[in-house]
1. On the given criteria, is Leu156 part of a strand (DSSP E or B) and farther than 30 Å from Ala47 by Cα?
2. Filter segment 520-535 for residues that are more than 30 Å from the chain's Cα centre (by Cα) and in a strand (DSSP E or B); which is surrounded by the most Cβ atoms within 10 Å (Cβ to Cβ)?
3. Answer yes or no: is there a residue in segment 499-519 that is surrounded by fewer than 20 Cβ atoms within 10 Å (Cβ to Cβ), within 29 Å of the chain's Cα centre (by Cα) and either polar (S, T, N, Q) or farther than 19 Å from Tyr300 by Cα (or both).
4. Considering only segment 225-256, how many residues are within 16 Å of the ligand (Cβ to nearest atom), part of a loop (DSSP other than H, G, I, E, B) and within 17 Å of Ala151 (Cβ to Cβ)?
5. Kindly indicate the residue of segment 84-122 that is charged (D, E, K, R) and buried (at least 18 other Cβ atoms within 10 Å of the Cβ) and also nearest to the ligand (Cβ to nearest atom) among those meeting that condition.
6. Name the one entry in Pro16, Pro31 that is under 27 Å from Pro420 (Cβ atoms), in contact with a helix residue (DSSP H, G or I) (Cβ under 8 Å, 6 or more places away or on another chain), within 16 Å of the ligand (Cβ to nearest atom) and at pLDDT 95 or above.
7. Look at segment 190-207 and say how many of its residues are in a helix (DSSP H, G or I), within 16 Å of the ligand (Cβ to nearest atom) and buried (at least 20 other Cβ atoms within 10 Å of the Cβ).
8. Within the set of pairs 6+ apart or on separate chains, which have a first residue in segment 242-269 that is within 24 Å of Asp8 (Cβ to Cβ), a second that is part of a strand (DSSP E or B) and of a type in the set (Lys, Arg), and C-beta atoms under 8 Å apart?
Amino acid sequence: MTAEWWRDAVIYQIYPRSFADSTGDGYGDLPGIIEKIPYLAGLGVDAIWMSPFYRSPMADAGYDVADYEEIDPLFGDLSDADRLIATAHAAGLKVVVDLVPNHTSDEHRWFRAAVAAGPGSPEREMYHFHDGRGEHGELPPNNWKSVFGGAGWTRLTSPDGTPEQWYLHLFDVKQPDLDWSTERVREAFDGVLRFWLDRGVDGFRVDVAHGLIKADGLPDFDEEQSLLDGQSGPMWDQDGVHDVYRRWRRILDSYDGDRSLVAEAWVADPKRLALYLRPDEMHTAFNFQFLDNPWDAPSYREVIAATMAADEAVGAPTTWVLSNHDVLRHVSRLGLAEPGSSHEGLGAGDEQPDNVVGLRRARAATLMMLALPGSAYLYQGEELGLPDHTTLPDDLRQDPTWFRSEFTKPGRDGCRVPMPWAAEEPGLGFSPTGRTWLPQPDSYRGLAVDVQDGAPGSTLTLYRAALAARRGLALGSGELAWVPGGESVVAFDNGPVRVMTNVLGAPVELPEGYEVLLSSVPLHGHVLPTDTTVWLTRG
Ligand code: GLC
């Protein structure tokens with residue numbers, strides 16, 4: 001890693017409830033993560049990012065925060081968080097925590113106080129409370145919908161039963177949106193940032209970073225909400241958000257060390273996204289265009305070039321990501337008939353991905369990603385080649401998307417299934433009792449860590465080798481130079497390495513004078529078969 005570690009780091013996303021359970025209740029926890037720090041250091045990543053572990057009623061798996069300065073008892077307590085940060089640091093890993101500023105839980109004391117204080121109070125100014133439209137205020141203030149489905153507004157009822165004001169929630173009814181035009185909200189979050197910076201975290205992943213500011217007057221918006229498509233609309237990517245990030249940057253810069261901000265901003269235009277990365281704002285932003293890319297070579301070349309050019313213009317590095325807790329894992333996505341297309345999760349009645357084809361493509365995609373200059377994000381379990389659980393019984397689903405879409409969108413539970421650590425243990429070694437909050441699919445047994453550990457050709461072995469080579473050759477801080485490789489080949493040089501990915505093409509000859517350093521599947525002869533990536537060095 002360079003001094004500005006976030007420029008080229010590989011950051012591993014931990015989804016705390018599904019990583020490792022130390023207590024046996026079937027939910028992962030912070031002590032479980034601490035035990036696995038040596039595994040993560042051994043994998044060869046530079047940093048961890050933890051999805052929310054704060055106190056929460058868990059209406060959206062912790063993205064509904066009831067107290068930003070407390071750990072949910074499900075996961076442990078603040079002393080566990082301190083120990084986790086210290087253990088990670090001692091192992092040479094940076095620690096990024098999730099910050100959820102767009103909304104709180106309706107059980108947060110700020111929201112409770114706002115409800116109690118009544119219309120017109122300063123407490124209510126922290127959220128978007130409005131009178132309804134219609135003669136008796138019976139219609140919501142505008143027609144916005146929730147990202148998870150259904151209405152984006154809910155009406156309060158006062159204790160005596162009379163209907164009251166409405167509040168905005170772009171997500172679940174239990175996730176009221178904060179009003180970021182209010183100084184009180186900004187000050188409150190300054191404190192949250194400082195609280196975690198004081199505890200030693202190296203950065204924040206900023207949830208829904210493009211959603212904080214809503215257009216003046218909250219104008220109607222006729223479309224269905226679709227967060228993950230980089231939609232534009234009066235609730236997304238408003239220019240006013242940048243003031244918030246400038247303010248936060250000043251706070252981060254006032255701390256020692258090199259603390260960083262990464263934006264979760266589903267903004268489709270790379271030039272608009274790059275605005276978040278101007279020198280006085282955030283450091284990096286997830287490159288969801290890359291994640292969303294269909295499985296074809298010309299569009300990979302295009303998305304890589306366009307995102308790098310846009311970021312370079314503001315002096316920021318580009319990030320790369322293929323999976324996270326909100327999308328179908330890339331093994332499953334790339335195994336669909338239209339590879340790379342589905343965001344809404346898959347259920348037993350939907351098209352089932354071909355996991356063999358999907359894994360082959362996923363390994364190729366990962367090797368392409370890890371050779372690109374910039375930072376890269378891995379989602380827990382992708383180093384094992386895990387697919388989604390695509391036949392999860394509907395009655396076990398917990399994602400609010402499933403309920404709010406009236407059972408039409410399965411949602412994201414399939415990518416959030418507990419990790420398989422040991423093939424022969426109950427619950428595949430996830431917890432000492434064998435309990436798992438969601439069942440693991442049968443396919444996870446053969447993919448467990450202890451099966452793949454040290455096994456030649458396993459996906460885990462491939463990730464370890466790729467991460468070691470990437471670090472050894474400093475690919476993350478390298479320069480990309482395109483190489484002509486044919487229509488269905490993505491080919492580029494990064495320092496001493498030539499990278500070639502054959503996407504859906506006929507086999508191609510490897511160039512003369514090069515030796516194979518790594519390949520996503522074993523090669524036969526000096527030929528690159530379809531759906532394969534190689535890293536070559538000059539022989
Ligand atoms: C982000 C999170 C997602 C959550 C949503 C609301 O997109 O990644 O999991 O449901 O924000 O907080």
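1. Details: part of a strand (DSSP E or B): yes; farther than 30 Å from Ala47 by Cα: yes.
Considered against the rule, which asks whether it is part of a strand (DSSP E or B) and farther than 30 Å from Ala47 by Cα, Leu156 comes out as yes.
2. If we filter segment 520-535 for residues that are more than 30 Å from the chain's Cα centre (by Cα), which is where we start, we get 522-529.
Keeping just the survivors that are in a strand (DSSP E or B) gives 527-528.
Details: Val527: 12, Leu528: 28.
Filtering first and then ranking leaves Leu528.
3. We begin by selecting, within segment 499-519, every residue surrounded by fewer than 20 Cβ atoms within 10 Å (Cβ to Cβ); these are 504-517.
Filter once more, keeping what is within 29 Å of the chain's Cα centre (by Cα): 504.
Filter once more, so that each one left must be either polar (S, T, N, Q) or farther than 19 Å from Tyr300 by Cα (or both): none.
No, segment 499-519 contains no residue that is surrounded by fewer than 20 Cβ atoms within 10 Å (Cβ to Cβ), within 29 Å of the chain's Cα centre (by Cα) and either polar (S, T, N, Q) or farther than 19 Å from Tyr300 by Cα (or both).
4. Residues of segment 225-256 that are within 16 Å of the ligand (Cβ to nearest atom), as a first pass: 225-231, 233, 235-237, 241.
Retained after the next criterion (residues that are part of a loop (DSSP other than H, G, I, E, B)): 225-226, 230-231, 233, 235-237.
Within this subset, residues satisfying the condition of being within 17 Å of Ala151 (Cβ to Cβ) are 225-226, 233, 235.
Number satisfying all stated conditions: 4.
5. Within segment 84-122, the subset charged (D, E, K, R) is 94, 98, 106-107, 109, 112.
Okay, now just the ones that are also buried (at least 18 other Cβ atoms within 10 Å of the Cβ), so 94, 98, 106.
Numbers: Lys94: 20, Asp98: 8, Asp106: 13 Å.
Top of the filtered list is Asp98.
6. Working: Pro31 fails: within 16 Å of the ligand (Cβ to nearest atom).
Exactly one residue qualifies, and that residue is Pro16.
7. Just the residues of segment 190-207 that are in a helix (DSSP H, G or I), to begin with: 190-198.
Applying the additional criterion that residues be within 16 Å of the ligand (Cβ to nearest atom) yields 192.
Narrowing the set further to residues that are buried (at least 20 other Cβ atoms within 10 Å of the Cβ) leaves none.
Matching residues across segment 190-207 total 0.
8. Short answer, once both residue conditions are applied: Val262/Arg205; Glu264/Arg205.
The values are calculated or read from the model by the stated rules, or taken from the named source; none is laboratory data. Since this is a predicted model, take the numbers as computed values, not measurements. Glycine also receives a Cβ, built like all others from the backbone with ideal geometry; neighbour counts cover every protein chain displayed.
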